Amino acid sequence: MSNKDLKIIKDAIRDIPDFPKPGIVFKDITTLLNNKEAFNLLMKHLKNRYKTYNLDFIAGIDARGFIFGAALAQMLGIGFVPIRKKGKLPYTTISEKYSLEYGFDEVEIHIDAFRGVKGARVLLIDDLIATGGTANAAVSLINKSDATCVEACFVLGLDFLNGKDTIQQKTSVYTVIEVD
Ligand code: AMP
């Protein structure tokens, strides 16, 4: 992607200081989604990158990962799988806990999410990687499902939080935009 196109995508993401609590700069991607030029450039870039990966499924993380993941799956002609916060999926699930600053959270996937395809090649996608806790648990869920997470992809990476480091031991990581 050209620097000009990358800038269009970057500029379309809005910073909201002190949301949801003081000290956090929230990266608001709603202004990317409602900008047809920026959204289209991003999705075309992801399609180009992943069309040669021989993917079987895309797994998206609750909730913003669903938007990019489902759009990309449709563009690549493959299936989409949601990884959700605990208690949202209606059928039998596999779950994975992960630590937060205080306490823990949990993500789940349906037990038959990859339709019994052994070794299914899966791309994980979310809007942003911060500490990497959520994505790390999501990669574990994919691997526990007898599938292979071939890459974890994020529109934005908060580089200063080193979230990539943990996940890189399990799969490769790609971020479209790095924020220092
Ligand atoms: P983490 O598990 O720390 O990598 O957090 C990643 C999840 O939290 C992603 O699903 C993001 O959507 C969300 N998130 C964390 N920090 C931010 C931020 N500064 N702006 C927007 N979303 C965030």
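The values are calculated or read from the model by the stated rules, or taken from the named source; none is laboratory data. Everything numeric here is computed off the predicted structure, so don't read it as measured data. We place every Cβ from the backbone using ideal geometry, glycine too, and count neighbours over all the protein chains shown.
Under the condition of being β-branched (Val, Ile, Thr) and over 18 Å from residue 100 (Cα atoms), which residue from segment 125-145 is nearest to the ligand (Cβ to nearest atom)?
Once the filter is applied, the top-ranked residue is 125.
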* To do: Collect the residues in segment 83-103 that are modelled with pLDDT under 95 and more than 25 Å from residue 67 (Cβ to Cβ), keeping them in residue-number order.
  => 99, 101, 102, 103
* Structure fact -> Okay, helices (runs of 4 or more DSSP H) sitting entirely in segment 1-65 with 3 or more residues that are of a type in the set (A, V, I, L, M, F, W, C), I get 3-11, 36-50
* Asked: Restricting attention to segment 110-124, which residues are under 18 Å from residue 97 (Cβ atoms) and surrounded by fewer than 23 Cβ atoms within 10 Å (Cβ to Cβ)?
  -> 110, 111
* Structure fact -> For residue 52, the lone unmet condition from (1) among the hydroxyl-bearing types (Ser, Thr, Tyr); (2) more than 18 Å from the chain's Cα centre (by Cα); (3) surrounded by 12 or more Cβ atoms within 10 Å (Cβ to Cβ) is (3)
* Would you mind finding the one in 71, 38 that is under 19 Å from residue 114 (Cα atoms) and of a type in the set (A, V, I, L, M, F, W, C)? => 71
* Name every residue in segment 1-16 that is under 17 Å from residue 154 (Cβ atoms), hydrophobic (A, V, I, L, M, F, W, C) and at pLDDT 95 or above, in order of residue number. => 6, 9, 12, 13
